[in-house]
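The values are calculated or read from the model by the stated rules, or taken from the named source; none is laboratory data. Note that the structure is predicted; figures quoted are calculated from it, not measured. For neighbour counting, all protein chains shown are included, and Cβ atoms are generated from backbone atoms with ideal geometry for every residue, glycine included. Just the protein is used for accessible areas: all its heavy atoms, side chains included, with ligands, DNA and RNA removed. Shrake-Rupley method; radii C 1.70, N 1.55, O 1.52, S 1.80 Å.
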Amino acid sequence: MPAPVLTHDLLGDSGGDGRVALIHDARHIAYAELRALVRRYASALHAAGLKRGDRVAILLPKSIEECAAIFAVSRAGGVFVPVNPLLRPAQVRHIVEDCEARILLTDSSLGESHGAAVVDLPGLTVLDTDTLQAPCGHDLPASEGIGEDLAAILYTSGSTGRPKGVMLSHRNLVAGTRIVRSYLHINSADRILSVLPLSFDYGLNQLLTAVEQRAALVLLNFRFGDEIVRAIRDHECTGLAGVPTVWSILTRAAPLLPKTPLPSLRYITNSGGAVPSATTARLRELLSSTRIFLMYGLTEAFRSTYLPPEEVDRRPTSIGKAIPECEVFAVTADGQRAAPGEPGILVHRGPTVSLGYWKRPEDTARVLRPNPLIPPSCGGDTVCYSGDLVTQDEDGFFYFVGRDDAMIKSSGYRISPTEVEEVLMATGRFRQIAVIGLPDAIIGQRVHAVAVGRSETIDVREALSAASEKLAAFMLPRDIELVAELPVTPNGKIDYKALVAERVGHAGC
Amino acid sequence: MLAPEQIDVRAVVTDYLRDRFPALAGKPLEDTTPLLTGGLIDSLGILDLTAFLAERLGIQIADEDFEPDNFESFGRLIAFVERRRS
């Protein structure tokens with residue numbers, strides 16, 4: 001079989017036909033059936049006028065249909081844009097409008113709650129997977145794409161503004177799949193539990209690696225820790241990918257876990273933030289035969305580092321070393337390679353470096369830059385500047401130190417303070433507001449707002465309630481603290497660092 | 001902790017939910033108001049909520065109580081709390 005070039009080549013035309021590909025609650029679908037569903041969707045997309053390079057926004061709950069839609073868009077020559085169904089209608093509209101989607105693929109339930117928000121967008125066709133069908137006898141032409149074509153746009157937040165779309169080529173996705181599968185040793189005997197959204201590159205990776213290997217993927221929309229434990233036990237799952245919140249829930253709020261042996265669970269992986277050492281230690285106790293991979297990545301470079309499981313006890317706070325095929329190093333402010341122990345910005349080079357942000361050349365230029373160590377005339381490539389401060393120890397292992405900007409990371413989500421501030425300001429109740437992340441043992445950072453009210457009698461609850469119409473629940477500040485004035489830096493800007501320092505200092509968290 | 005007969009469970013739980021979960025603040029809470037849909041109360045929120053129920057209302061939450069059925073809607077939650085208090 002030729003090596004896969006395009007995203008849907010990972011699924012291929014044959015192989016593992018009778019094997020179970022996807023399991024969701026009581027439903028399961030074999031590889032041959034999944035291919036038939038992908039062909040059906042791809043034909044329908046083509047019949048609806050999709051051209052090579054057109055964007056298709058996918059707004060679906062985690063489901064067999066969502067997985068099929070991703071491969072179908074690739075097969076039809078389009079660019080898939082998965083949208084988290086937890087986003088509020090106005091946030092979905094931003095993504096659909098920003099990527100200039102030609103088609104929105106959704107189901108009747110989400111179509112009903114979110115459809116009105118996009119109905120007036122020019123040139124957008126809304127298709128419902130519940131009834132998606134190509135006209136009888138419609139011929140789906142052979143795929144003409146190449147690996148350098150845009151495959152996906154994944155929306156993610158930075159430190160300012162609304163979410164930006166990270167452009168990934170087929171080559172990026174195929175390389176990411178190959179690299180991650182190889183160091184996790186994923187093979188056809190695996191049964192991977194998928195609990196993360198597919199709109200998140202890390203969540204998408206479980207689907208791609210499982211399909212590439214003809215392994216089984218178990219889809220779970222969990223709300224209770226015990227649901228994860230039961231799914232692993234009942235489906236004999238071998239792998240689980242989670243963010244720190246998942247591990248907090250499993251170690252603190254899954255009463256079944258200590259009394260349920262999970263011998264099938266070969267490995268777990270963490271990304272999307274650091275796991276507190278105490279949580280890692282507890283996981284080692286609860287899952288004594290499971291290997292723990294602590295990893296680090298950002299959507300702009302897909303995946304960057306992982307810590308080999310045998311190092312976890314020795315270096316529980318490390319994010320490890322570069323993934324295969326990639327190089328990672330820390331660079332100081334003056335563009336030099338950081339010495340051991342010296343903080344620097346993590347820089348990533350290799351085949352998973354993305355194509356930048358959709359229609360945002362200035363933002364792209366800040367993140368994708370010429371290799372600082374090798375000039376272009378000597379073969380220097382384009383590398384990804386993560387914006388994450390790290391240090392490296394004498395043995396070459398990396399440690400996350402912090403962000404060099406105000407971006408908040410909570411429950412594995414990247415949250416832009418200004419996006420939240422704009423929505424709160426729009427309630428008309430505040431003169432000034434600053435949104436910060438405060439350290440939280442369970443969710444990494446807790447979203448917190450500090451504000452100057454327009455009057456003495458601001459109802460903070462009402463403001464939050466109004467904001468909840470425009471922001472996903474995970475982005476809402478837990479609290480709005482009213483103050484007389486916000487601290488400013490010497491050049492008159494709100495001093496975010498001071499706001500955090502004041503609260504971390506006396507709050508004792 | 002107040003004596004059981006002195007507590008208006010509905011009011012106490014309503015106050016807590018509005019205070020802890022901004023998406024529920026300032027809205028009428030009806031029996032049919034969903035609590036889990038759309039991530040309104042996520043898995044960690046459930047953790048806080050059960051800690052509150054134990055502390056404020058003296059409810060012992062058993063392992064088998066960690067079930068979506070008990071938290072799906074405001075009405076289901078109140079029914080669960082009242083069942084456990086009786």
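Within region A:226-250, the set of residues being assigned to a helix (DSSP H, G or I), over 15 Å from residue A:411 (Cα atoms) and either within 11 Å of chain B (Cβ to nearest Cβ) or open to solvent by 30 Å² or more (accessible area, probe 1.4 Å) (or both) comprises A:226, A:227, A:228, A:229, A:230, A:233, A:234, A:235. Can you find even one residue in region A:213-223 that is within 14 Å of another protein chain (Cβ to nearest Cβ), open to solvent by 10 Å² or more (accessible area, probe 1.4 Å) and among the polar types (S, T, N, Q)? Yes, because at least one residue in region A:213-223 is within 14 Å of another protein chain (Cβ to nearest Cβ), open to solvent by 10 Å² or more (accessible area, probe 1.4 Å) and among the polar types (S, T, N, Q). In region A:251-272, how many residues are away from chain B (no Cβ under 14 Å) and either open to solvent by less than 80 Å² (accessible area, probe 1.4 Å) or not in a loop (DSSP other than H, G, I, E, B) (or both)? So the count comes out to 10. Look at (1) more than 17 Å from residue A:134 (Cβ to Cβ); (2) outside any strand (DSSP E or B) and you find that residue A:35 fails only one, number (1). With respect to residue A:447, is the statement that it is in contact (Cβ under 8 Å) with a residue 24 or more places away in the chain and touching a Phe, Trp or Tyr at 6+ places or on another chain (Cβ under 9 Å) true? Yes. Residues that are over 15 Å from residue B:13 (Cα atoms) and β-branched (Val, Ile, Thr) within region B:33-86 comprise B:37, B:61, listed in sequence order. For residue A:420, indicate whether it is over 30 Å from residue A:332 (Cα atoms), away from chain B (no Cβ under 14 Å), touching a helix residue (DSSP H, G or I) at 6+ places or on another chain (Cβ under 9 Å) and of a type in the set (A, V, I, L, M). No: the conditions fail for residue A:420. Consider residue A:427 carefully, then state whether it is open to solvent by less than 40 Å² (accessible area, probe 1.4 Å) and not in a strand (DSSP E or B). Answer is yes for this residue. Looking across region A:292-313 at every residue that is among the charged types (D, E, K, R) and at pLDDT 95 or above, the one that is least open to solvent (accessible area, probe 1.4 Å) is identified as A:300. Whenever a residue of region A:128-145 is farther than 22 Å from residue A:66 by Cα and in contact (Cβ under 8 Å) with a residue 12 or more places away in the chain, its partners that are outside any loop (DSSP other than H, G, I, E, B) and open to solvent by less than 60 Å² (accessible area, probe 1.4 Å), lying with C-beta atoms within less than 6 angstrom and at least six residues away or across chains, give the pairs A:138/A:43; A:138/A:47. Taken together, the residues in region B:53-71 that are more than 16 Å from residue A:230 (Cβ to Cβ) and either over 10 Å from the mean Cα position of the chain (by Cα) or in contact (Cβ under 8 Å) with a residue 60 or more places away in the chain (or both) amount to 9. Residues in region A:423-466 that are within 14 Å of another protein chain (Cβ to nearest Cβ) and closer than 30 Å to residue A:317 by Cβ: A:435, A:440, A:441, A:442, A:443, A:444, A:445, A:446, A:447, A:448, A:449.
For residue A:328, the conditions (1) open to solvent by 50 Å² or more (accessible area, probe 1.4 Å); (2) closer than 30 Å to residue A:382 by Cα are fulfilled apart from (1). If you go through region B:9-44 and pick out every residue that is in contact (Cβ under 8 Å) with a residue 24 or more places away in the chain, surrounded by 20 or more Cβ atoms within 10 Å (Cβ to Cβ) and within 12 Å of chain A (Cβ to nearest Cβ), you end up with 4. Taking first residues from region A:467-487 that are facing chain B (nearest Cβ under 9 Å) and closer than 17 Å to residue B:46 by Cα and partners that are hydroxyl-bearing (Ser, Thr, Tyr) and buried (at least 18 other Cβ atoms within 10 Å of the Cβ), the Cβ contacts under 9 Å between residues at least 6 apart in sequence or on separate chains come to A:474/A:410; A:474/A:411; A:474/A:413; A:476/A:468. Annotation note: of A:370, A:340, the sole residue that is more than 18 Å from residue A:157 (Cα to Cα) and touching a helix residue (DSSP H, G or I) at 6+ places or on another chain (Cβ under 9 Å) is A:370. Listed by position, the strands (runs of 3 or more DSSP E) contained in region A:358-410 that have at least 2 residues being under 27 Å from residue A:81 (Cβ atoms) are A:368-370, A:382-392, A:408-410.
Looking at region A:52-61, can you tell me whether even one residue there is at pLDDT 95 or above and assigned to a helix (DSSP H, G or I)? Taking every residue of region A:52-61 in turn, none turns out to be at pLDDT 95 or above and assigned to a helix (DSSP H, G or I).
Being open to solvent by 10 Å² or more (accessible area, probe 1.4 Å), under 20 Å from residue A:307 (Cβ atoms) and either within 12 Å of chain B (Cβ to nearest Cβ) or in a helix (DSSP H, G or I) (or both): is that true of residue A:278 here? Answer is yes for this residue. Within region B:41-53, one or more residues are at pLDDT 80 or above and small (Gly, Ala, Ser).
Can you find a residue in region B:54-70 that is open to solvent by less than 30 Å² (accessible area, probe 1.4 Å), within 14 Å of another protein chain (Cβ to nearest Cβ) and under 26 Å from residue A:113 (Cα atoms)? Yes, some residue in region B:54-70 is open to solvent by less than 30 Å² (accessible area, probe 1.4 Å), within 14 Å of another protein chain (Cβ to nearest Cβ) and under 26 Å from residue A:113 (Cα atoms). Summed over region A:231-258, the residues that are of a type in the set (Lys, Arg) and modelled with pLDDT of 95 or more give a count of 1. Take residue A:289 and decide whether it is in contact with a Gly (Cβ under 6 Å, 6 or more places away or on another chain) and either more than 28 Å from residue A:59 (Cα to Cα) or at pLDDT 95 or above (or both). So residue A:289 fails the test. Restricting the first member to region A:161-185 and to residues that are within 17 Å of residue A:305 (Cβ to Cβ), and the second to residues that are among the basic types (Lys, Arg) and modelled with pLDDT under 95, the beta-carbon pairs closer than 9 Å and six or more apart or on different chains are A:176/A:303; A:179/A:303; A:180/A:303. Cβ separations smaller than 8 Å between residues 6+ apart or across chains give the following pairs from region A:199-228 residues that are under 19 Å from residue A:81 (Cβ atoms) to residues that are basic (Lys, Arg): A:201/A:303; A:202/A:303; A:205/A:303. Counting only residues that are surrounded by fewer than 24 Cβ atoms within 10 Å (Cβ to Cβ) and β-branched (Val, Ile, Thr), region A:59-91 holds 1 of them. Which of the following residues is open to solvent by 20 Å² or more (accessible area, probe 1.4 Å) and either part of a helix (DSSP H, G or I) or closer than 28 Å to residue B:15 by Cβ (or both): A:449, A:501? Sole residue among the options that is open to solvent by 20 Å² or more (accessible area, probe 1.4 Å) and either part of a helix (DSSP H, G or I) or closer than 28 Å to residue B:15 by Cβ (or both): A:501.
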